[in-house]
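J.: Sharing a structure below in structure tokens format, with a few things to ask.
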Amino acid sequence: MDALRHVDHRNDHLALASLPLLLGAHQIDEAFVWWGLQGHAPATVGRAALWIYLLIAFVVLPIAIPLAVRAIEPERRRRRLMAPFAAAGVLVGGYLLVALLDGPIDARIAPYHLAYSAPLSHGLVVVSLYVAAACGAPLLSRYRHVMIFGIVNLIAVAVLARLTIDGFASLWCAYAAVASAAIAAHMRLTTPHENVAVAVSV
């Protein structure tokens with residue numbers, strides 16, 4: 001909500017400022033997945049929450065992140081460099097949507113996280129494209145806070161992949177909700193006047 005409060009008529013920043021809200025809601029949704037598996041919520045509620053969680057994690061985020069970052073970039077050259085990452089996000093998001101619909105999908109409780117499972121062929125290629133889409137565009141951003149978001153996300157990918165594979169989707173998305181503080185910082189510390197000055201200079 002803080003990030004959205006600081007949009008200040010910057011319509012090109014609206015998608016980026018909405019990401020922390022989406023990521024926070026994503027984590028709230030996962031609580032219902034937990035409760036469904038523990039029997040504290042109806043199984044139908046837990047199953048619906050599972051679908052929502054995986055659709056956001058597998059389909060929405062790899063598309064939304066590079067597009068949102070590209071939308072705020074004032075330099076044409078950097079926007080062109082970000083285009084392949086946005087294309088990769090659309091490609092991997094579409095592929096994962098088909099995989100989810102084909103099913104079956106499931107989740108189970110593991111120590112400190114949920115382990116999600118979905119049918120996935122060419123896993124290494126798909127994961128590589130996903131990481132490229134989610135982290136690549138922020139790394140190219142002119143804005144320091146957005147670039148830091150991309151760097152920290154990339155480090156988090158490596159650490160979480162080393163710690164756990166079956167808990168990767170759960171833990172990385174939880175981390176991303178926390179790391180979205182970088183987006184809130186960007187919205188607070190940049191101004192519409194700064195964006196105009198940069199756009200004029202290029």
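J.: For segment 80-137, state which chymotrypsin sites (Phe, Trp or Tyr not before Pro) are in a DSSP loop and have at most 12 other beta carbons lying within 10 Å of their beta carbon. Each step should come with its number before you reach the end.
T.: Details: sites: 85, 95, 112, 116, 130; in loops: 112.
Taking segment 80-137 and a limit of 12 other Cβ atoms within 10 Å, the loop chymotrypsin sites (Phe, Trp or Tyr not before Pro) found are 112.
J.: Measure off 7 Å from each Cα along the Cα-to-Cβ vector at residue 27 and residue 110, then give the distance between these two points in nanometres to one decimal.
T.: 2.0 nm
J.: Would you work out the Kirkwood radius for segment 2-191? I mean one over the mean of 1/r across all pairs of different Cα atoms, in Å.
T.: 17.0 Å
J.: Could I ask something else about it? For the chain, what are the DSSP H helices with axial Cα length of 27 Å or more and mean Kyte-Doolittle hydropathy of at least 0.5? Please list the in-between numbers first.
T.: Values: long enough: 14-38 (37 Å, 0.92); 76-102 (39 Å, 0.70); 144-163 (28 Å, 1.78).
In the chain, the long hydrophobic H runs are 14-38, 76-102, 144-163.
J.: For the chain, what is the mean residue ellipticity at 222 nm derived from helices alone (per DSSP H run of n ≥ 4: -39500 (n - 2.57); sum divided by total residues; nearest 500 deg cm²/dmol)?
T.: Working: 10 runs with 149 residues, N = 202.
Dividing the helical sum by the residues of the chain leaves -24000 deg cm²/dmol.
J.: Another one. Using the 2.2 N^0.38 Å rule of thumb for compact globular proteins, work out how segment 1-113 stacks up: its C-alpha Rg over that value, please. Write out the running numbers ahead of the final one.
T.: Numbers: Rg = 16.9 Å, N = 113, 2.2 N^0.38 = 13.3 Å.
Relative to the rule-of-thumb radius for its length, segment 1-113 sits at 1.27.
J.: I've got another one for you. Using modelled backbone amide H atoms (1.01 Å from N, in-plane), which distant-in-sequence or interchain residues come within less than 5 Å of residue 114's amide H?
T.: none
J.: May I ask you to compute the full-extension gain from residue 81 to residue 142, defined as 0.36 nm times their residue separation minus their alpha-carbon distance, rounded to one decimal in nm? Walk me through the numbers before you get to the answer.
T.: Values: separation 61, 0.36 × 61 = 21.96 nm, distance 1.19 nm.
Between residue 81 and residue 142, full extension yields an extra 20.8 nm.
J.: Which of rounded, prolate or oblate describes segment 108-166 when judged by the alpha-carbon gyration tensor and an a/c cut-off of 1.5? Spell out each step's value before the answer.
T.: Working: a/c = 3.03, a/b = 1.68, b/c = 1.81.
Oblate, since a/c reaches 1.5 and b/c is not below a/b.
J.: With each label point set 7 Å from Cα along the Cα-Cβ vector, what nm distance links residue 97 and residue 51?
T.: In this crude spin-label approximation the distance works out to 1.5 nm.
J.: I need the peptides 133-141, 38-46, 12-20 ranked by packing, meaning the mean over residues of other C-beta atoms within 10 angstrom, with the highest value on top. Could the numbers behind the result be given before it?
T.: Numbers: 133-141: 23.7, 38-46: 12.4, 12-20: 20.1.
Top to bottom by mean Cβ count within 10 Å: 133-141, 12-20, 38-46.
No value in this document is a laboratory result; all are computed from the given coordinates. What you see is a predicted model, and the numbers here were worked out from it, not measured in a lab. For neighbour counting, all protein chains shown are included, and Cβ atoms are generated from backbone atoms with ideal geometry for every residue, glycine included.
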